[in-house]
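Take a look at the structure set out below.
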Amino acid sequence: MAGAADIAVETAPLEWDASLWRTAIAQLEQALPHASIDPGTAERLRYPEHATIVSVPIRLDSGETKVFPAYRVQHSRVLGPTKGGVRFDPHVSLSECAALAMWMTWKCALLRLPYGGAKGGIRCNPRELSRGELERMTRRYTAELRGIIGPQEDIPAPDMATDEQTMAWMMDTYSMQVGHATPEIVTGKPISIGGSVFRNEATGAGVVMVIERACQRLGIELAGLRCIVQGFGKVGGIAAHELAGKGAIVTGVGDYSGGVHSGDGLELAAVEQWTAEHGSLGGFPGVSHVTNAELLELPCDVLVLAALEGQVTAANAGRLQARIVAEGANGPTTVEADAVLAERGIPVLPDILTNAGGVTVSYFEWVQDLGRLFWGREDIRTRLAEKMCDAFDRVWELSEQKDLTLRSAALVVGIREVAAALDARGLFP
Ligand code: GLU
């Protein structure tokens, strides 16, 4: 008979159990019955392999010392080193990193990249930190992860509020520790130290490659479609630009300050210039201003979610007026919202497929760094389009064949790749 202590262990929540983690697990559980994999293998997929918590102390400009909680979670190392971004955000937690690391595993496997998933971050408000403080925080975080990250172990990249500069500091810190320049330790770094051309644009460009492929399959012409893009940063800003380049009309964009909308289409160059000068969309003249919540509910053909997680929920999914939803961010749609959108016949182009352009060009960057041989922009764009379209087609076919949503199909495709590797290698010892 089980004693009280055993029962307590059985029912205790996992250390990383919280809302985003539950979304990731619910998606996995929905996909597993369609993946036909061994139950023992499935059990291994439910847990991150490694989770690290570090405390990052820095001297603030004021002279005070402050400690920031920081994390790095590695979900699966069966296919190769782990890969995933580092984010600076007030919501960063072990559970958020665990969920995002699991999604990175499916994303890398779906794109057939020889990686497992990881994610890390520092819980901080990056807007309140000076450049010097950000540099000290990034360098100390990197130093604390010695032995955890490495070119054959785990390769960080940019994510929310981190960029080329952050990666340059990480690369330099790691290189100083090991005693030689090691560009292959991070991706998304400046070109001058081994970064790849087209990495900056890759996520946003990949989002539009997937939207274009989906339009072809749905028999819709992308040119002339009215698009709204939530998020006007590294992903949304580029996606808006690429959509306009394909002849679509970007009628609304949003950032942390709110959204702007114009039925005739926005002049993107003017919007970009405004945000570069003023730091946000607030006050941009000659358009209607809406809240972020209102922006999502405006009528459009394509709604691109390229901001934060948990944006479309059971509360607003019924009010969306888009024909297609494309996930540029990780986890912007909750499980309940997915069900509402599926019921309403609105296809959701899922994050692990749609925003995979970033990690795919990260892979190209790492391969170039390891080979010390660099490729041209057009070559990379073409290789990215091939990989994105190939993944899209595998997802689309499975979704038709098994009558699954695109999300479930994408998960099943990714999960099967990881499961095949786990089965082939077996369980150690
Ligand atoms: N942070 C990005 C993502 O969520 C990119 C990760 C990478 O390039 O390793 O996919």
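The values are calculated or read from the model by the stated rules, or taken from the named source; none is laboratory data. Bear in mind that the values here come from a model prediction, so they are computed numbers and not experimental data. Counting neighbours? That spans all protein chains shown, and the Cβs are built from the backbone with ideal geometry, glycine included. What goes into the accessible areas is simple: the full protein's heavy atoms, side chains included, and nothing from ligands, DNA or RNA. Shrake-Rupley method; radii C 1.70, N 1.55, O 1.52, S 1.80 Å.
Scanning the stretch 139-164 for residues that are in a helix (DSSP H, G or I), open to solvent by 60 Å² or more (accessible area, probe 1.4 Å) and either over 22 Å from A307 (Cα atoms) or more than 15 Å from the ligand (Cβ to nearest atom) (or both) yields R139, R140, E144. Filtered by the rule that a residue be free of Cβ contacts under 8 Å to residues at least 60 places away in the same chain, within 13 Å of the ligand (Cβ to nearest atom) and surrounded by fewer than 24 Cβ atoms within 10 Å (Cβ to Cβ), the stretch 72-91 gives a lone residue, G80. Kindly indicate whether K189 is open to solvent by less than 30 Å² (accessible area, probe 1.4 Å) and of a type in the set (K, R). Criteria met by K189. Looking across the stretch 186-203 at every residue that is more than 12 Å from the ligand (Cβ to nearest atom) and outside any loop (DSSP other than H, G, I, E, B), the one that is nearest to the chain's Cα centre (by Cα) is identified as E201.
Of the residues that make up the stretch 196-205, is at least one more than 17 Å from M388 (Cβ to Cβ), modelled with pLDDT of 95 or more and open to solvent by 20 Å² or more (accessible area, probe 1.4 Å)?
yes
Screening G40, G3 for residues that are at pLDDT below 95, farther than 30 Å from A143 by Cβ and not polar (S, T, N, Q) leaves exactly one candidate, G3.
Rundown of residues vs (1) at negative phi; (2) of a type outside the set (D, E, K, R), yes/no style:
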{"site": "E184", "(1), (2)": "yes, no"}
{"site": "G195", "(1), (2)": "yes, yes"}
{"site": "E201", "(1), (2)": "yes, no"}
{"site": "V210", "(1), (2)": "yes, yes"}
{"site": "Q216", "(1), (2)": "yes, yes"}
{"site": "G219", "(1), (2)": "no, yes"}
{"site": "K234", "(1), (2)": "yes, no"}
{"site": "G247", "(1), (2)": "no, yes"}
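Scan the stretch 113-138 for residues that are among the basic types (K, R), crowded, with 18+ Cβ neighbours inside 10 Å and in a helix (DSSP H, G or I) and jot them down. Correct list: R136 only. Pairing residues of the stretch 47-70 that are of a type in the set (A, V, I, L, M, F, W, C) and open to solvent by 80 Å² or more (accessible area, probe 1.4 Å) with residues that are part of a strand (DSSP E or B) and modelled with pLDDT of 95 or more, at Cβ distances under 9 Å and at least 6 apart in sequence or on separate chains, gives I53/P69; I53/A70; I53/Y71; I53/R72; V67/S55; V67/V56; V67/P57; V67/I58. Restricting attention to the stretch 251-273, the residues being out of contact with any helix residue (DSSP H, G or I) (no Cβ under 6 Å at 6 or more places or on another chain) and crowded, with 18+ Cβ neighbours inside 10 Å number 7. When each of T354, T360, T334 is tested for being more than 16 Å from the ligand (Cβ to nearest atom) and of a type in the set (S, T, Y), the lone residue that passes is T334.
Return yes or no: is V208 in contact with a Leu (Cβ under 6 Å, 6 or more places away or on another chain), of a type in the set (A, V, I, L, M, F, W, C), farther than 21 Å from P90 by Cα and surrounded by 16 or more Cβ atoms within 10 Å (Cβ to Cβ)? Yes.
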